[in-house]
Every structure is written in structure tokens, then in C-alpha cells.
Amino acid sequence: MQWHSVGEFFAMGGYALYVWGSFGVTALALVIEPLLLRKRRMDVLESLRRERRADERQGNPS
Amino acid sequence: MQNTIIHWFKYGSPQSFYPLAGKMLPWFVALALIFGLAGLWLGFFVAPTDAVQGEGYRIIFIHVAASWMSMFLYLVMAFWAGLGLALNTRLSSMMASAVAPTGALMAFLSLWTGALWGKPMWGTWWVWDARLTSELILLFLYLGFLALQAAIDEPRRADKAGAILALVGVVNVPIIYFSVKWWNTLHQGASVSINKSPSMAATMLWGMLLMALCFWMYSFAVALLRVRAIILERERTSEWVKHAVA
């Protein structure tokens, strides 16, 4: 291993801005995309449930 | 033979693919995490400092993975879109729509990490060079596909229009891939190729390949997650969806 301290690791030999700028944005994107999809799924499921409840109230269960 | 045909049709319907996708999902998530952790560990703690680029070269571990995925996902998207156009199968077109946003994200990440790599090494965030420009066109093709589909209200018409755009755009993929050979560009040549041994340390190469596998598994997981949402949205009036939600 070439790192002698935590500070050295984060400094990335002077390339911190570029290396962490790349990894940071990528990590953020790969976390946000699944979260947005989870929300999209929850929204569809919720609207389907609402529709079903409305159907049942009208006395026409599907 | 008879068996295969039956299977294809069986899983070709959104109704039977929906639970199958749900079963495959955790496996792809697990593989993405395993490959990702192994790749990051190799990339940051095992791979040596580069003789020329110092620690700055470590951007390669995501830059190459994102770039490969952006091209590969385009081919996957065009394949499903083309299949949907030719066979008029709903699920194929849904798959194409499910892959497109992730492909666009990969193309963006490829350009973003490329800019952050180009600045310290070439002295510029951007040049209108063949490799960079054709990758930018790839991003625009993805965005064009998404915008076109979003602009058409009727889903099956949107599928068809998107499919034609996706198929025409396929010509751009080999242009990106061979751009570093066909033109004199600032971008370096291929890091890995089939007919010559790779021009980098073995640990760097393995880190890169593991990250590529991680992005690959991630893309599949996210595409499955998205296709499940698309299936529910588009098939919402069908009986099986109503029962599935109960």
C-alpha cells in the first residue's frame, strides 16, 4: 500500500479535486438513481391501491 | 427446440417477466456490491501510483467502466427497441425504455470523469476531439430517445418512433470505439484490446475490470427495477396488476 496516512490518501498526490470530483459525483449518481426508482415504484403502487379502494367503495370489486 | 420457444414466449409477456425480474434483482445488486468493493479496494489500495500521472490516473477505474457501459447499454437499448419494432412485443420496448436513462447517466459520467481527468493531464476540460465529440453525440442520442418517447402520448407509437431513432444511432457506437484509431486524437488509445497484451500493471487492469463488472451489474439491476415500474404503469388496467397490488 502506498498511503502512509489518511491525509495522504485524501490528498491523492495533489489530484484530490479531480479524483474525488469524479468518484464523488459517480457515487452520488449511483445512489440517487435507485432511490428515484424506488419512489417511482411506490408512487405507482400507491395510485393503484387508491384506485382499488375507490372501486371497492363503489361496490364493484375487481 | 420446442421447449425454448415456449420459454421465450412465456417470459416475453410483462405479466410473467415482472416476478422473474423481481427475483433476479437482489442477485444483481449483490454482485454489483461485491465487484464494486473489490474494484475500489484494488483501485485505491493495491494498484501502484502511475509513473507519469501520479495518483490522478485513478479516475480510470470509473471513467473506463462508465464509458464501456455507455456504449454497451446503447447496443442493448437498440437491440430491445429493434426487437420490439420487428416482433411488436410490448416487453422488448419496455426494456429499451428501461435501459435508456441509465445509458444516458453512464454517458454523462464518462464525459464528467473525462473532463476531470483531462484538466490536470491535458490542461483542458474539453476538446472537440473525435473520441470526446462522438461520446457527446451518444449522450445526445440517449436524450433524444428519451425526449422523443416522452413527447408522444400513445406508448406504442412512442416505442416505434424511439426504436427508429435508437437503430439509426447505432452507427455512432463503432465510431466512438474506433475514433482513437481512425483519427489523430488527444485521447489515448484503447487500454485493453483483444489482440495485444494490455499496456498497464496487472493490478490496475484487474481493478478496472472489476469496476466495469460492478457498473455492468448495477446497470442490469437498475434496468430491472425500472422495467418493473414501467410494467406496472403501462399494464395498470390489466387484471393481474390489480391483483398483484392487493
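Screening residue A:5 with (1) out of contact with any Gly (no Cβ under 7 Å at 6 or more places or on another chain); (2) of a type in the set (Ser, Thr, Tyr); (3) under 30 Å from residue B:222 (Cα atoms) gives one miss only, at (3). Any chance segment B:107-124 includes a residue that's within 12 Å of chain A (Cβ to nearest Cβ), in contact with a His (Cβ under 7 Å, 6 or more places away or on another chain) and β-branched (Val, Ile, Thr)? Checked against the condition, which is being within 12 Å of chain A (Cβ to nearest Cβ), in contact with a His (Cβ under 7 Å, 6 or more places away or on another chain) and β-branched (Val, Ile, Thr), segment B:107-124 yields at least one hit.
Summed over segment A:1-19, the residues that are within 9 Å of another protein chain (Cβ to nearest Cβ) and surrounded by 12 or more Cβ atoms within 10 Å (Cβ to Cβ) give a count of 12.
Looking across segment B:146-165, the residues that are assigned to a helix (DSSP H, G or I) and charged (D, E, K, R) come down to B:156, B:157, B:159, B:160. When you scan segment A:4-12, do you find a residue that is aromatic (Phe, Trp, Tyr) and modelled with pLDDT under 95, even just one? Yes, segment A:4-12 contains at least one residue that is aromatic (Phe, Trp, Tyr) and modelled with pLDDT under 95. Hey, any hits in segment B:157-165 for a residue that's among the acidic types (Asp, Glu) and within 14 Å of another protein chain (Cβ to nearest Cβ)? Checking segment B:157-165: not a single residue is among the acidic types (Asp, Glu) and within 14 Å of another protein chain (Cβ to nearest Cβ).
The values are calculated or read from the model by the stated rules, or taken from the named source; none is laboratory data. Please read these numbers as outputs of a predicted model, since none were measured by experiment. Here Cβ is always computed from backbone atoms with ideal geometry, including for glycine, and neighbour counts include all displayed protein chains.
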